[in-house]
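Below: one structure, written as structure tokens.
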Amino acid sequence: MPEVKKFDVVVVGNGVVGKSAALHLANEGVSSVAILGAENSESRYSAGLVAGGQSDNFSRVSHAHGSRFAGDFWDFGDLAYDSLIHWCASHNIPIRQRRRIRLIVSPEELAEAEIAVNGLKSAGLWGEIYSTSEHWFRGGFSGRVIAVQDDGRRGGVLNPMALMDALNGNIRARILNNMLLSIQSSHSGVSLFLDSGDRIDAEFVVFACHLAIRDFIPNLSEALVPVVEQWSLYDWKGQAAQFPYAEVGTYFSVNHGYEWGAFIDKGRLILGGARFLRPVAGIGVECAEVSTVIERFLADKAKSTFCGVDEVHGAKTSAGIECRPCDELPVIGPMFGESRVLLASGFMGSGLTMGFFAGKCLAEFISSGDSDSLPVGLYPSRLRSLGD
């Protein structure tokens, strides 16, 4: 006989968002929580980079969505970073915290960076631009880099498996390995139908299952766009370790984030991006395949970007599917028209940082009906017209 199980909240997804939601629901006093999803989530195998602010520069967010929202969105990224750093420190998870820098490689990008820094300062945020011979950089970059935008002590690296294991050890939720087939929601609650034939009745459901959200919330299927991203772990040799920029934990990006990486150990760095080398820039592809062309390209760029990096050898390469919403903003909050259905997705390369904080915000929504930390501009309701 099919069984009917009852929980206050069901979280669909066992990655950083799902685990964080369960953790913070318990902190909010919600004790009856179930998690649906496989343990081997993509969060465990991410690049392990964390950063405050946003991956896109302030000027781009401001141009697309207005300066006021850009400031609120940047604050959200900083709050997410601080929240994760604090939780890791209080649970003995090693994290190498350093700076977040943007390497500027063209006059056009420099002009935009100047606009971005002025916008940051107008919003009461911090940002500075330095020539490559100024301040703590001390000429450590090649001629490719003409300036550096410094966003402050807002970068870092951690072991994603250690984070996920710590979250798993601190949540109080029932883990169910069943597959979700469909849901029905009403003003009184949500029913979830499983592949086992059983049904779960809950007050709320949280979708934290990445692109699979499209399978259960069709109104968002057009908004959540799959994109292939690739990163490689490289060993390098040379004199670069003498330059301050090479401190372990320094997070950097080049060309508006089309190249990104961090120094994760002495003589070891992680580099990612270059999806523009894929057909249609990897947009809309549902299967992540490693590209040796991208792997070689990133290794060459390391040598042409940093002085003192003489040899670069790939040690490990990974590829994954990330979600980039159609307006390139995360989608977090209650689903329009279905207040008992909440979701979080589309962190565009900031999944560990924003995912952890998104889980906290969703728990606050369930507990009190609102989250002061979450900008309204990130709510799914902004995408309502796509479902018409």
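Descriptive notes on the structure:
- Under a model in which nothing but the beta-carbon of Lys, Arg (+1) and Asp, Glu (-1) is charged, the chain shows a dipole of about 680 debye around its Cα centre.
- Label-point gap, in nm, between residue 8 and residue 161 - each point 7 angstrom along Cα→Cβ: 3.4
- Per-residue HN-Hα couplings for the range 72-86 [Karplus 6.51, -1.76, 1.60; θ = phi - 60°; Hz; x = Gly/Pro]: 5, 5, 5, 4, 4, x, 5, 4, 4, 4, 4, 5, 5, 4, 5
- Folded to 0 to 90 degrees: helix 292-305 orientation relative to the chain principal axis, Cα: 50
- When peptides 170-181, 261-272 are ranked by their average number of other Cβ atoms within 10 Å per residue, the highest-first order is 261-272, 170-181.
- Maximal additional length on extending the residue 170-residue 242 stretch stands at 21.9 nm, based on 0.36 nm per residue less the C-alpha distance.
- Listed peptides 282-293, 117-128 by packing density, highest first (mean Cβ within 10 Å): 117-128, 282-293
- Ordered from highest to lowest accessible area with the whole protein assembly present and a 1.4 Å probe, 360, 303, 237, 19 read as 237, 303, 360, 19.
- Nearest 10 degrees, 0 to 90: helix 16-27 Cα axis against the chain principal axis: 60
- Summed side-chain charge close to residue 275 - residues other than residue 275 whose Cβ falls under 11 Å, Lys, Arg +1, Asp, Glu -1: -1
- Residues residue 276 and residue 300, FRET efficiency given R0 of 22 Å [Cβ-Cβ distance, rounded to 0.05]: 0.90
- Around the amide H of residue 142, modelled in the peptide plane, lie the amide H atoms of 306, 307, all under 5 Å away and 5 or more residues distant in sequence or on another chain.
- Dividing the summed helix terms, -39500 (n - 2.57) for each DSSP H run of n ≥ 4, by the number of residues in the chain produces a 222 nm estimate of -9000 deg cm²/dmol to the nearest 500.
- Each Lys and Arg contributes +1 and each Asp and Glu -1, all at the Cβ; summed about the Cα centre of the range 86-242, the dipole is approximately 660 debye.
- With N the number of residues in the range 286-388, Rg(Cα) / (2.2 N^0.38 Å) evaluates to 1.50.
- Helix axis angle, 351-368 relative to the chain longest principal axis, alpha carbon, degrees: 30
- Packing-based ranking, highest mean first, of 48-61, 246-259 given that Cβ atoms within 10 Å are counted: 48-61, 246-259
- The range 311-388 and the range 8-24 have Cα centres lying 13 Å from one another.
- For residue 371, distant residues with modelled amide H under 5 Å away: none
- Placing unit charges on each Cβ (+1 for Lys and Arg, -1 for Asp and Glu) gives the chain a dipole about its Cα centre, and among 45, 374, 209 the Cα reaching farthest toward its positive end belongs to 45.
- When the range 30-99 is described by a simple charge dipole with +1 on each Lys and Arg Cβ and -1 on each Asp and Glu Cβ, the residue from 90, 76, 57 located farthest towards its positive end is 57.
The values are calculated or read from the model by the stated rules, or taken from the named source; none is laboratory data. As the structure is a prediction and not an experimental result, all values here were calculated from the model. Cβ: placed from backbone, ideal geometry, glycine included. Neighbour counts: every protein chain shown. We work out accessible area using only protein heavy atoms, side chains counted, and drop any ligands, DNA or RNA first. Shrake-Rupley method; radii C 1.70, N 1.55, O 1.52, S 1.80 Å.
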